[in-house]
Amino acid sequence: RAGTRSSSSWPNPTARRAVNCSSNLRRKIEEEFSLERMSEETVSVYKEVMQQKNILVIKLGGLGDAILAIPSLRALRKEFPKAFISLLINSHYKPLFSGCPYVDEILLFDRKRPNIFALTAKIRKKVFDASVDFKNSNFTHLFAYLAGVRNRYGFAKGILSALLNNPVLLLPEYREGPLVQQARLLAQLGITGFDHRLERWTAPSDDRDMEALLQEKGVSSTDTLV
């Protein structure tokens with residue numbers, strides 16, 4: 001049982017070095033490849049993959065609805081900084097989000113020419129991990145389903161809400177405002193500390209044009225506009 005002898009009892013220097021190398025290698029393996037460390041690294045990889053989601057945000061509706069989606073887009077980007085976030089909105093509201101730093105892509109829905117199947121086929125190719133439906137209609141529930149989105153988040157409203165696999169109870173409007181509703185839906189994705197602030201993103205040329213228009217109408221920078 002040569003393995004039980006100390007290295008100092010070996011007469012052969014080569015054999016002694018071999019025993020020392022074997023001992024050092026075993027120690028290194030135990031330190032760098034322990035079950036605990038390997039488990040931590042595996043969890044870290046999973047977290048990294050989760051951050052790289054493809055997320056589809058559905059916000060079809062009026063201008064006010066589109067504006068009120070801004071805090072949710074900011075919250076999604078903060079929670080998933082490495083995710084690819086696509087925003088589906090009505091086509092005539094594209095300028096509102098052209099400078100939005102929280103989305104990677106804007107998908108447009110044309111109400112006048114609603115080619116639903118062509119658009120869902122296009123979205124299906126992108127392989128979205130999750131959709132967040134802030135429109136809350138039978139149409140958008142069906143849309144996310146036809147687009148093949150894996151995890152579909154939205155409010156349980158209408159018969160087709162059965163197509164959602166992550167539904168949230170929709171409370172009457174008098175009980176909570178739209179931003180509170182959105183915050184409650186985002187909580188399903190682990191998002192907390194919802195920030196209600198609204199933002200806008202305009203180019204310098206837009207600001208100059210607006211300033212000139214207001215001056216032409218006799219409105220100063222100190223006036224309050226409603």
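The values are calculated or read from the model by the stated rules, or taken from the named source; none is laboratory data. Quick caveat: nothing in here was measured; it's all calculated off a predicted structure. Cβ coordinates were reconstructed from backbone atoms using ideal geometry, including for glycine residues, and neighbour counts include every protein chain displayed. With ligands, DNA and RNA removed, areas are computed over all heavy atoms of the protein, side chains included. Shrake-Rupley method; radii C 1.70, N 1.55, O 1.52, S 1.80 Å.
General observations
- Selection status of R184, basic (K, R) and within 22 Å of P71 (Cα to Cα): yes
- Residue match in the range 187-199 (condition: among the hydrophobic types (A, V, I, L, M, F, W, C), open to solvent by less than 50 Å² (accessible area, probe 1.4 Å), touching a residue at least 12 places away in the same chain (Cβ under 8 Å) and closer than 16 Å to D65 by Cβ): no
- Put simply, of A75, A66, A83, A130 the only residue that is under 13 Å from the mean Cα position of the chain (by Cα), buried (at least 16 other Cβ atoms within 10 Å of the Cβ), closer than 27 Å to D206 by Cβ and at pLDDT 90 or above is A75.
- Evaluation of I106 against the conditions (1) surrounded by 19 or more Cβ atoms within 10 Å (Cβ to Cβ); (2) under 20 Å from D206 (Cβ atoms); (3) under 18 Å from the mean Cα position of the chain (by Cα) shows that the sole unmet condition is (1).
- Contacts under 7 angstrom Cβ, first residue in the range 148-165 being on the phi < 0 side of the Ramachandran plot and touching a residue at least 12 places away in the same chain (Cβ under 8 Å), partner assigned to a helix (DSSP H, G or I) and exposed (fewer than 15 other Cβ atoms within 10 Å of the Cβ), 6 or more apart: I159/N138; L160/N138
- Summed over the range 144-201, the residues that are closer than 18 Å to L56 by Cβ, in a loop (DSSP other than H, G, I, E, B), of a type in the set (A, V, I, L, M, F, W, C) and in contact with a Lys or Arg (Cβ under 7 Å, 6 or more places away or on another chain) give a count of 2.
- Among the residues of the range 156-175, those that are at pLDDT below 85 and loosely packed, with under 15 Cβ neighbours inside 10 Å comprise L171, P172, E173, Y174, R175.
- Set S205, S221: member being surrounded by fewer than 10 Cβ atoms within 10 Å (Cβ to Cβ), among the hydroxyl-bearing types (S, T, Y) and part of a loop (DSSP other than H, G, I, E, B): S221
- In the set (1) closer than 22 Å to G190 by Cα; (2) open to solvent by less than 30 Å² (accessible area, probe 1.4 Å); (3) at pLDDT 90 or above, F143 fails one condition alone, (1).
- Taken over the range 100-121, the residue count meeting the criterion of being under 21 Å from E199 (Cβ atoms) and aromatic (F, W, Y) is 1.
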